[in-house]
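What follows is a single structure, written as structure tokens, with notes after it.
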Amino acid sequence: MSTFYPRRKFIRDISLGTLALAPGISTLAACAKNKQKKLGVALVGLGGYSTYQLAPALLQCKNCYLAGIVTGTPSKEKIWADKYNIPQKNIYNYQNFDSIADNKDIDIVYVVLPVAMHKEYTIRAAKAGKHVICEKPMAVSAADCQAMIDACKQANRMLSIGYRLHFEPFNMEMMRLGQKKVFGNIMKINSSNGFVWGGDPNAWRLKKALAGGGALMDMGVYVIQGARYTTGEEPLTVKAKEIKTKPDLFKEVDETVVWEMKFPGGSVAECRTSYNENANFLRAEAERGWFELSEAYRYGGMVGATTNGSMSFPNINQQAAQMDDFAQCVTQNKSTRVPGEMGLQDIKIVEAIYRSIASGKEESV
Ligand code: NAD
């Protein structure tokens, strides 16, 4: 390798195949013509999801790569720089983040922070001229979601939400079977998503100001999503109640929420989410049969079946598929299938569920 060819660029170009096998002039010209630049992604917040899912997934992406990081923890800088070959000029903290506007290596900012911080960092990223992926749940209120959408529109930047399951084959099959009415109209959806909290009692997820809510915000949005994408419809009303068995642990946020959603086509979704129960499924009962994922929302290991037998699809890297798709949307100026508006709608439903818990009545979305 020439000393004038930066190592990072060499690795990128090799991965794009432009230097492969010393090609002849005509092949080189064809390659140059077809060469699609990988977009640079900067991860904001280097916690669990960035560390164990997103950064490793970016190594597998074809359309984007990990170009930068934004962290409030200086000790993480060198570890990440060494591991992912990130140059010093692409490392930011929360104070100097806005100067990312001047960094041509960064095309997409991916916000992976506690929920209450999503709004600020999405808006700052858009103002810095970057396209944005924001993690779920989109924000702590529908008003914040709308402000994020408005800021991205104003800056003419794309905004998508980290809804990885829209790129996952088993969940995509649930969408197809439901939306195309392969088994007729859906009468009932049943779904639950939860785990037993064994983590830090002081974690941000248990603080209302940072998380916006508890199990419903964190795990329940998958259930809302599952019912929405399986029916292909928007719920009209919700009726909900909260169950709390560990008030000392869940002082500020909900532990278990049970709710029902009614859809315009007549189907009813019976939903549940919890920080104190293990569950992970999505089932639809339709006029001529049923279809379900008995492992529905995880990073892998999906299990699916229908009236006609088991589903068979590959397990893919969902995060890589999601980020590659967004990078392609940006490059080709196409709409994302998981836009900010989708995240906003989920938060409107979450707000209606919390209203119903408070009123004890059915509430309109
Ligand atoms: P985490 O607690 O592991 O990481 C949070 C990061 O935010 C840490 O690096 C922390 O240092 C930083 N941070 C900055 N300011 C903070 C503050 N005031 N308090 C606490 N932390 C602060 O969380 P995570 O699991 O990585 O979740 C981050 C986001 O990603 C959340 O929105 C979460 O819902 C989402 N997430 C999505 C998926 C998915 O499957 N799509 C999975 C896990 C997490």
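Worth a mention:
- Region 113-159 and region 286-365 have Cα centres spaced 20 Å apart.
- C-alpha long axis of helix 318-332 to longest principal axis of the chain, angle in °: 60 degrees
- For a label point 7 Å along the Cα-to-beta-carbon line of Arg337, residues of region 151-168 with backbone N under 20 Å: 158-168
- The length gained by stretching the chain between Lys78 and Ala147 to full extension, at 0.36 nm per residue less their Cα-Cα distance, is 21.4 nm.
- Summed side-chain charge close to Glu77 - residues other than Glu77 whose Cβ falls under 15 Å, Lys, Arg +1, Asp, Glu -1: +3
- When every Cα-Cα distance of region 166-304 is counted in 5 angstrom steps from zero, the calculated P(r) takes the values 2, 11, 20, 21, 17, 13, 9, 5, 2, 0 percent.
- For the chain, the mean residue ellipticity at 222 nm estimated from helices alone is -10000 deg cm²/dmol, where every DSSP H run of n ≥ 4 contributes -39500 (n - 2.57) and the total is divided by all residues, rounded to the nearest 500.
- The angle between the Cα long axis of helix 74-84 and the longest principal axis of the Cα atoms of the chain comes to about 70 degrees, rounded to the nearest 10.
- Using the Cα coordinates of the chain, the gyration tensor eigenvalues translate into equivalent-ellipsoid semi-axes of 37, 25, 18 Å, sorted from longest to shortest.
- Antiparallel DSSP beta bridges within the chain, percent to nearest 5: 60 percent
- Computed over neighbours whose Cβ is under 14 Å from that of Cys145, the net charge equals -3, Lys and Arg +1, Asp and Glu -1.
- Additional length obtainable on full extension of the chain from Arg176 to Asn93, 0.36 nm per residue less Cα span: 25.6 nm
- Between the Cα long axis of helix 340-359 and the first principal axis of the chain there is an angle of about 30°, rounded to the nearest 10.
- For region 263-300, the list of GluC sites (Glu not before Pro) that fall in a loop by DSSP and count at most 16 other C-beta atoms within 10 angstrom reads Glu287.
- Portion, in percent, of the accessible area of the chain that falls on carbon or sulfur, probe 1.4 Å: 54 percent
- Straightening the chain between Asn202 and Tyr299 buys 32.4 nm, computed as 0.36 nm per residue apart minus the Cα-Cα spacing.
- Sparsely packed trypsin sites (Lys or Arg not before Pro) within region 151-226, loop by DSSP, other Cβ within 10 Å at most 11: Lys180
- A simple count of charges around Pro114, restricted to other residues whose Cβ falls under 9 Å of its Cβ and scoring Lys, Arg +1 and Asp, Glu -1, yields +2.
- Computed over region 220-291: relative contact order in percent, which uses C-alpha pairs under 8 Å that are six or more apart: 29 percent
- Normalised per residue, the accessible area of the chain is 45 Å², obtained with a 1.4 Å probe and no contribution from ligands, DNA or RNA.
The values are calculated or read from the model by the stated rules, or taken from the named source; none is laboratory data. Keep in mind the model is a prediction, meaning the values are calculated, not measured. Neighbour counts run over all protein chains shown; Cβ positions are idealised from the backbone, glycine included. Side chains included, ligands, DNA and RNA excluded: accessible areas come from the protein's heavy atoms. Shrake-Rupley method; radii C 1.70, N 1.55, O 1.52, S 1.80 Å.
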